[in-house]
Amino acid sequence: MKCIFTLFLVLFVTFFNAQNLEKISKEINEEGIALYRSEMASWYGTDIFRENYAKMENVSGYFSYIDESVPKCIFFSKENKVLATIAFPTNYNPKDAKLDMKERDFTSLEIEYFTIRQNALARIKNDTIFKSYKNTNFNIVPIIRNKVKKVYVLTGPSVDNVIIFGNDYLITFNNKNEVKNVERLHNSMIAQNINDDKVGKTVSGVHSHVIENWQTMTPTDICTLMLYQKFTNWESYITVSKKFTSIWNPNHNLIIMKSENFKNMAENIQKGKAEKLKEKSE
């Protein structure tokens, strides 16, 4: 009876852990996609705005957000007036974007985004946790989901043929839009070439995570992978930590498993391959 109970307990714990990791994977993936949607609107919105607006000295900043499933990028003046609104279809085709150059006030939702963006910008300028590097710039991405207000700070390259992971941060806010917490998502900056002439095109990539609170693939990792997906031939991407191994593929699926399980699985695959080769040689 004791053996049966122990077996049941092991099966229950295994099932619970699998369900929990599946839930975590789903949450991280959804957050990463939300970041991607915002950044895509900013990427194309910036190009469209510069092509249609001449007085750039009037511009104070911009941000993107999702308005009832519609990605929008807005640019605002030094007087905190909206100078332009660019709305995108789901495919983000710039040709199908709707540009509104009518000057207006912020909507109530835009005020929320604007406020946490500005508070994050002030914190970035005055907090030594934020590190800047040559040939890079910070991308400030405000996100409001499920009534939770956050600003992700990503590091983007200012040179071609480079993808940057890491040197990213998460700023969380309270109900008064005041900064509640600031934390690093990676311990360092990882720059990877999209195409390396010396080794040819790669089909996968990997980097490690060492920060205790961020042992899995991060939403910023997923956002970066999706942004650069069309420029790479990566069929998958992996992050490895002491606790977890995360695997992402271009179908926007994220799988997280315990690193020890991943190691055992990889060893069994290699063992199986070796046995097949042995059989063929005999």
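Rule-based calculations on the coordinates, nothing more; no lab input. Just so you know, these numbers come straight off a predicted model, no measurement behind them. No Cβ is skipped: glycine too gets one built from the backbone with ideal geometry, and neighbour counts run over all protein chains shown.
Here the extension length gained between Glu68 and Lys125 equals 17.3 nm, from 0.36 nm per residue of separation less the Cα-Cα distance. The amide H of Phe63, built 1.01 Å from its N in the peptide plane, has Ile74 as neighbours under 5 Å, considering only residues 5 or more places off or on other chains.
Applying 1/(1 + (r/R0)^6) with R0 = 51 Å to the Cβ-Cβ distance of Glu212 and Leu99 gives a FRET efficiency near 0.70. Placing a pseudo-label 7 Å from each Cα along the Cα-to-Cβ vector at Ser60 and Trp43 gives an inter-label distance of 2.9 nm.
So which of Lys26/Lys149; Lys26/Lys243; Lys131/Lys258; Lys134/Lys258; Lys131/Lys243 end up more than 29 Å apart by C-alpha? Result: Lys131/Lys258; Lys134/Lys258 exceed 29 Å. Counting charges near Asp168 (Lys, Arg +1; Asp, Glu -1) among other residues having Cβ under 14 Å from its Cβ returns a value of -1. Sparse packing (at most 10 other Cβ atoms within 10 Å of the Cβ) combined with a DSSP loop state is found for none of the chymotrypsin sites (Phe, Trp or Tyr not before Pro) in region 83-129.
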